[in-house]
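Below is one structure, written out as structure tokens, with a few remarks after it.
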């Protein structure tokens, strides 16, 4: 086993402390990655605080991982020492079910293995990217193009692919009117992607305080949902709505904004159920859908798309001893638009 340094939380309210965790010895198809940067995702907070179910502590979160390959297993063919790579929200799947065979490992019928807070096929509890190193099978590693800096690459492994995947699946393009609900870590990426795909993009946010940002990121229009006139003005307007908000909202009000045959896709994961009035779907053949991350093939496609179009997230890099503060700022929506931990500061945290 390989012992590495990490930042772990030992209970639902933290705080984070320096800890040592064990990584498995390299198997034939494994790669050892020295983590350079790890993004902070709202999912980290939900998970660590037990909002999505029981948690085994200590827990090392982090599923937005960017780093360098430092060692490879005897049968690895996809990567070499020195390669710039990333790891996202999953580190394994069964590989044999219909969904895995179609490159949709995130929907593995036998359950994909999460990067942290899960149990892998070796019986080991998975620990994430708030650490100096990770061992991952090569099939769940992606290559980071040279045109993307490692700190900016990290959030693409969750926030990026979570918004890219539904836009691709529902055919975002020049003929589509797309609304993005919320301009946070996910939302700002959705705006960038939809704009690059040629769609007409509208941001729907609680207030207009981020309007200048939204327009600069690529939005064509920006409306405050706190204004009741917004829902009257935009009724029946959109082909596709991407809801990035991880809180309970009046989903039926947003469904009313869909055009005939339009779809509202939830990528945010609120802790409470969202009640849906079926009549709001039936009346205009509307759809209410959900989408998770993408598969490994689509994640690589997303990274290549970012390199081609010059798309990177807006980030704030923080020291490893600032994780607790960063989490509180995420909860207060006080980040524009994604925190990234500089893992080189781990030793001094």
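The values are calculated or read from the model by the stated rules, or taken from the named source; none is laboratory data. Because the structure is a prediction, the values reported are computed rather than measured. All Cβ positions, even for glycine, are placed from backbone atoms using ideal geometry, and neighbour counts span all protein chains on display.
Points to keep in mind about this one:
- Checking each residue in the range 98-107 for being in contact with a helix residue (DSSP H, G or I) (Cβ under 7 Å, 6 or more places away or on another chain) and over 21 Å from residue 62 (Cα atoms) picks out 99, 103.
- Given (1) out of contact with any strand residue (DSSP E or B) (no Cβ under 9 Å at 6 or more places or on another chain); (2) surrounded by fewer than 17 Cβ atoms within 10 Å (Cβ to Cβ); (3) touching a residue at least 24 places away in the same chain (Cβ under 8 Å), number of the condition residue 308 does not satisfy: (3)
- For the range 146-178, a residue qualifies if it is assigned to a loop (DSSP other than H, G, I, E, B) and over 21 Å from residue 316 (Cα atoms), and the qualifying residues are 170, 171, 172, 173, 174, 175, 176.
- Those residues of the range 44-94 which are part of a loop (DSSP other than H, G, I, E, B) and more than 23 Å from the chain's Cα centre (by Cα), in sequence order: 73, 74, 75, 76, 77, 78, 79, 80, 81, 82
- Options 299, 345: the member that is part of a helix (DSSP H, G or I) and over 16 Å from residue 153 (Cα atoms): 345
- Look at (1) within 30 Å of residue 100 (Cβ to Cβ); (2) surrounded by 20 or more Cβ atoms within 10 Å (Cβ to Cβ); (3) not assigned by TED's automatic domain parsing to the domain that holds residue 228 and you find that residue 265 fails only one, number (3).
- For the range 15-43, the set of residues classified as under 21 Å from the mean Cα position of the chain (by Cα) and assigned to a strand (DSSP E or B) consists of 33, 34, 35, 36, 37, 38, 39, listed by residue number.
- Qualifying residue in the range 327-337 (condition: in a strand (DSSP E or B), under 17 Å from residue 185 (Cβ atoms) and modelled with pLDDT of 95 or more): no
- For the range 322-341, filtered to residues that are touching a residue at least 40 places away in the same chain (Cβ under 8 Å) and farther than 17 Å from residue 156 by Cβ, the residue that is surrounded by the most Cβ atoms within 10 Å (Cβ to Cβ) is 323.
- Test: residue 166 is touching a strand residue (DSSP E or B) at 6+ places or on another chain (Cβ under 9 Å) and assigned by TED's automatic domain parsing to the domain that holds residue 181: yes
- Flag not set for residue 247, criterion: assigned to a loop (DSSP other than H, G, I, E, B), under 29 Å from residue 142 (Cα atoms) and modelled with pLDDT under 95.
- Search result, residues across the range 288-300 that are under 23 Å from residue 91 (Cα atoms) and free of Cβ contacts under 8 Å to residues at least 60 places away in the same chain: 290
Okay, residues lined up against (1) in the same structural domain as residue 140 (by TED's automatic domain parsing); (2) surrounded by 22 or more Cβ atoms within 10 Å (Cβ to Cβ); (3) free of Cβ contacts under 8 Å to residues at least 24 places away in the same chain:
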{"site": "27", "(1), (2), (3)": "yes, no, no"}
{"site": "44", "(1), (2), (3)": "yes, yes, no"}
{"site": "50", "(1), (2), (3)": "yes, no, no"}
{"site": "53", "(1), (2), (3)": "yes, no, yes"}
{"site": "56", "(1), (2), (3)": "yes, no, no"}
{"site": "79", "(1), (2), (3)": "yes, no, no"}
{"site": "89", "(1), (2), (3)": "yes, yes, no"}
{"site": "115", "(1), (2), (3)": "yes, yes, no"}
{"site": "121", "(1), (2), (3)": "yes, no, no"}
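- Here residue 319 meets the list (1) under 25 Å from residue 262 (Cα atoms); (2) in contact with a strand residue (DSSP E or B) (Cβ under 7 Å, 6 or more places away or on another chain) almost entirely, failing just condition (1).
- Among (1) over 27 Å from the mean Cα position of the chain (by Cα); (2) assigned to a loop (DSSP other than H, G, I, E, B) - the single one residue 226 does not satisfy: (1)
- Every condition in (1) touching a strand residue (DSSP E or B) at 6+ places or on another chain (Cβ under 7 Å); (2) outside the structural domain of residue 139 (by TED's automatic domain parsing); (3) in a helix (DSSP H, G or I) is met by residue 284 except one, and the failing one is (3).
To keep it simple, each residue is scored yes or no on (1) closer than 24 Å to residue 42 by Cα; (2) buried (at least 16 other Cβ atoms within 10 Å of the Cβ); (3) touching a strand residue (DSSP E or B) at 6+ places or on another chain (Cβ under 6 Å); (4) at pLDDT below 95.
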site	(1), (2), (3), (4)
240	yes, yes, yes, no
243	yes, yes, yes, no
257	no, yes, yes, no
270	yes, yes, no, yes
